[in-house]
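The structure under discussion appears below in the form of structure tokens.
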Amino acid sequence: MPALIAAALLAAALQSSPLPGVAVERRLAERFHVAVGDSLALTPRAESPTRWYRIEAIYQPRPDPATALRGEYQVRFHLPEIAGLLSAGDRVDRVAVATRTGIAADSAAFRLNQLAFGYQAYPSATIASESSQTFAVVSRFHRAIGLIAIMASAIFLLCIMLLKVEERRLDAAVMRMIGIGRLTIFKAFVLEVTFVAAIGSALGVGLAWAAGTITNLVYQRRFETALVFSYLTSDIILLGVGLSLGLGILVGAFAAARLVRTRPLALWRRAG
């Protein structure tokens, strides 16, 4: 009975006095099945007393690679409420200041640092650069891997093209014997190589798009975020297609030139 009376008195007190409002992240609301108007009991530490708040809004935070992978949930308070909850009045860790149009962030940070002491102002670009050092290292690592892969694939492509063109030595010998010129044969082989390289480029772009789509679906569901983990840009597509066509045509032209310089009888004996 005393517990029921205490619960009834608490419910009546909550209904009679307005609770301070908070905004909770969408993932948090979905996991604990809360909605706008529900009451939350929050505490900064397990041994601290709880405080009651009312959910005023449910929001979707912007995708941020610095926080999306941590799996943390966010709750937004009004400044007096968060200060009272943490028992840290008149103290803040970070403050964001927006500048007017035409005012440089570097100049504003310099002026703020000259006004008082006890804080340090930084432009947002500087903070973003410092916080993204890990991603910059990973990006350089991926570039190194990509360069090694391109060199290895170029060598492999050269070997394949040499073998494929060598298989056409009987055709080249026949065309030479019936009077077709070397330049015509060379152009025919290069045109064939260009066609094969174009098909390979299209297949490569399609494979990259499919791999990126699967990666985004898996990791967005894993971390419950709208952050894009893999994407194809026009620069990446142009680079890939350019390398594919350029290396394919160059290697094919080298193999074709090597073939047409050989005498027809030698090609015929090697084919036989």
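The values are calculated or read from the model by the stated rules, or taken from the named source; none is laboratory data. This one's a predicted model, so the numbers in the text were calculated from it and none came from an experiment. In this analysis, Cβ positions are derived from the backbone assuming ideal geometry, glycine residues included, and neighbour counts consider all displayed protein chains.
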Can you pull out every residue in segment 177-203 that is touching a helix residue (DSSP H, G or I) at 6+ places or on another chain (Cβ under 7 Å) and aromatic (Phe, Trp, Tyr)?
Phe186, Phe189
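Residues checked against (1) more than 22 Å from Arg94 (Cα to Cα); (2) among the β-branched types (Val, Ile, Thr):
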| residue | (1), (2) |
| --- | --- |
| Leu115 | no, no |
| Thr126 | no, yes |
| Ser129 | no, no |
| Phe141 | yes, no |
| Ser153 | yes, no |
| Met161 | yes, no |
| Lys164 | yes, no |
| Leu183 | yes, no |
Which fully enclosed helices (runs of 4 or more DSSP H) of segment 69-140 have 3 or more residues being under 30 Å from Ala35 (Cβ atoms)?
79-86
From the list Ile145, Ile214, which one is within 30 Å of Glu72 (Cβ to Cβ) and exposed (fewer than 12 other Cβ atoms within 10 Å of the Cβ)?
Ile214
Could you identify the single residue in Gly118, Gly84, Gly71 that is surrounded by 10 or more Cβ atoms within 10 Å (Cβ to Cβ), modelled with pLDDT under 85, at positive phi and not assigned by TED's automatic domain parsing to the domain that holds Asn216?
Gly71
Exclusive hit being outside the structural domain of Glu30 (by TED's automatic domain parsing) and under 30 Å from Arg31 (Cβ atoms), set Val251, Val241, Val228
Val228
Picking from Ala172, Ala188, the residue that is among the small types (Gly, Ala, Ser), over 25 Å from the mean Cα position of the chain (by Cα), under 15 Å from Leu259 (Cβ atoms) and modelled with pLDDT under 75 would be Ala172
Can you find, within segment 98-151, the residue that is nearest to Ile237 (Cα to Cα) among those that are polar (S, T, N, Q) and over 27 Å from the mean Cα position of the chain (by Cα)?
Thr101
Looking at segment 160-183, which of its residues are surrounded by 11 or more Cβ atoms within 10 Å (Cβ to Cβ) and under 30 Å from Leu239 (Cα atoms)?
Ile160, Met161, Leu162, Lys164, Val165, Glu166
Run down Arg62, Arg76, Arg45 and say which single residue is within 29 Å of Arg26 (Cβ to Cβ) and either in the same structural domain as Ser230 (by TED's automatic domain parsing) or touching a strand residue (DSSP E or B) at 6+ places or on another chain (Cβ under 9 Å) (or both).
Arg76
